[in-house]
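Pasting a structure here, questions to come.
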Amino acid sequence: MEKVIAGYSVDVTEEGYLTNQAQWNKEIAWAIAKEIGINELTEGHWKVIEFLQKDFAETEKMPTIRRVKNAGGIATKELYALFPEGPILKAAKIAGLSKPVSCV
């Protein structure tokens, strides 16, 4: 389905995850973050977002929290502070990636 986010027409799932990562940009990331209750994207947020995108591009699958901690060097506690109540779900959505299979 199609949705307009930050003035851009993008393809999304019913849950609002982008289906075409090529349509993603930082303006869309800001808009999605606000939509899900994150009012500011800090340097810490961008570190997580960039790691997810890089890891996904290399492995073609969403990294787990454990992988973000071990390979990304981002503590689990920090992840939950940055993206409360479902850090990988929220971070993946903001990063323009698909919904993680491991998340309900």
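The values are calculated or read from the model by the stated rules, or taken from the named source; none is laboratory data. Every value quoted in this text rests on a predicted model; they were computed, and no experiment measured them. Glycine gets a Cβ as well: all are built from the backbone with ideal geometry, and neighbour counts include every protein chain shown.
So, in region 6-25, of the ones that are among the charged types (D, E, K, R) and exposed (fewer than 10 other Cβ atoms within 10 Å of the Cβ), which residue ends up nearest to Met62 (Cα to Cα)? Don't jump to the end; show me each part of the working.
First, pick out the residues of region 6-25 that are among the charged types (D, E, K, R): 11, 14-15.
Next, only the ones that are exposed (fewer than 10 other Cβ atoms within 10 Å of the Cβ) stay: 14-15.
Details: Glu14: 19, Glu15: 17 Å.
Applying the filter and picking the extreme gives Glu15.
What helices (runs of 4 or more DSSP H) completely inside region 31-104 contain at least 3 residues that are buried (at least 16 other Cβ atoms within 10 Å of the Cβ), out of contact with any Ser or Thr (no Cβ under 9 Å at 6 or more places or on another chain) and aliphatic (A, V, I, L, M)?
Because the criterion is at least 3 residues that are buried (at least 16 other Cβ atoms within 10 Å of the Cβ), out of contact with any Ser or Thr (no Cβ under 9 Å at 6 or more places or on another chain) and aliphatic (A, V, I, L, M), the helices (runs of 4 or more DSSP H) in region 31-104 that meet it are 43-59, 87-94.
Give region 1-57 a look and list any residue that's closer than 17 Å to Ala81 by Cβ and polar (S, T, N, Q), or say none. Let's see the steps before the verdict.
If we filter region 1-57 for residues that are closer than 17 Å to Ala81 by Cβ, which is where we start, we get 33, 36-49, 51-52.
Result: Asn39, Thr42.
Can you tell me which residue among Asp55, Asp11 is of a type in the set (D, E, K, R), in contact with a helix residue (DSSP H, G or I) (Cβ under 8 Å, 6 or more places away or on another chain) and closer than 12 Å to Ala92 by Cα? Before you say what the answer is, go through the steps one by one.
Numbers: Asp11 fails: closer than 12 Å to Ala92 by Cα.
It is Asp55.
Then there is this: With respect to Trp24, is the statement that it is modelled with pLDDT of 95 or more and in contact with a strand residue (DSSP E or B) (Cβ under 9 Å, 6 or more places away or on another chain) true? If you could, list the steps in order and put the result at the bottom.
Values: modelled with pLDDT of 95 or more: yes; in contact with a strand residue (DSSP E or B) (Cβ under 9 Å, 6 or more places away or on another chain): yes.
Here the answer is yes, as Trp24 does meet what is asked.
Taking the options Glu40, Glu35, name whichever one is over 21 Å from Glu15 (Cα atoms) and modelled with pLDDT of 95 or more.
Values: Glu35 fails: over 21 Å from Glu15 (Cα atoms).
Unique residue meeting the criteria: Glu40.
Turning to a different aspect of this structure: Considering only residues of region 7-30 that are among the charged types (D, E, K, R) and part of a loop (DSSP other than H, G, I, E, B), which is nearest to Val101 (Cα to Cα)?
Start the filter on region 7-30 by keeping residues that are among the charged types (D, E, K, R), which leaves 11, 14-15, 26-27.
With part of a loop (DSSP other than H, G, I, E, B) added as a condition, the list becomes 14-15.
Numbers: Glu14: 15, Glu15: 13 Å.
Selected residue: Glu15.
Could I ask something else about it? Which of (1) without any contact (Cβ under 8 Å) to a residue 12 or more places away in the chain; (2) of a type in the set (Ser, Thr, Tyr); (3) within 14 Å of Ala91 (Cα to Cα) does Tyr17 not meet, given it meets every other one?
Single failed check for Tyr17: (1).
Would you point out which residue out of Ile65, Ile49, Ile38 is among the β-branched types (Val, Ile, Thr), closer than 16 Å to Leu97 by Cα, out of contact with any strand residue (DSSP E or B) (no Cβ under 7 Å at 6 or more places or on another chain) and touching a residue at least 24 places away in the same chain (Cβ under 8 Å)? Break it down stepwise before answering.
Numbers: Ile65 fails: touching a residue at least 24 places away in the same chain (Cβ under 8 Å); Ile38 fails: closer than 16 Å to Leu97 by Cα.
From the options Ile65, Ile49, Ile38, the qualifying one is Ile49.
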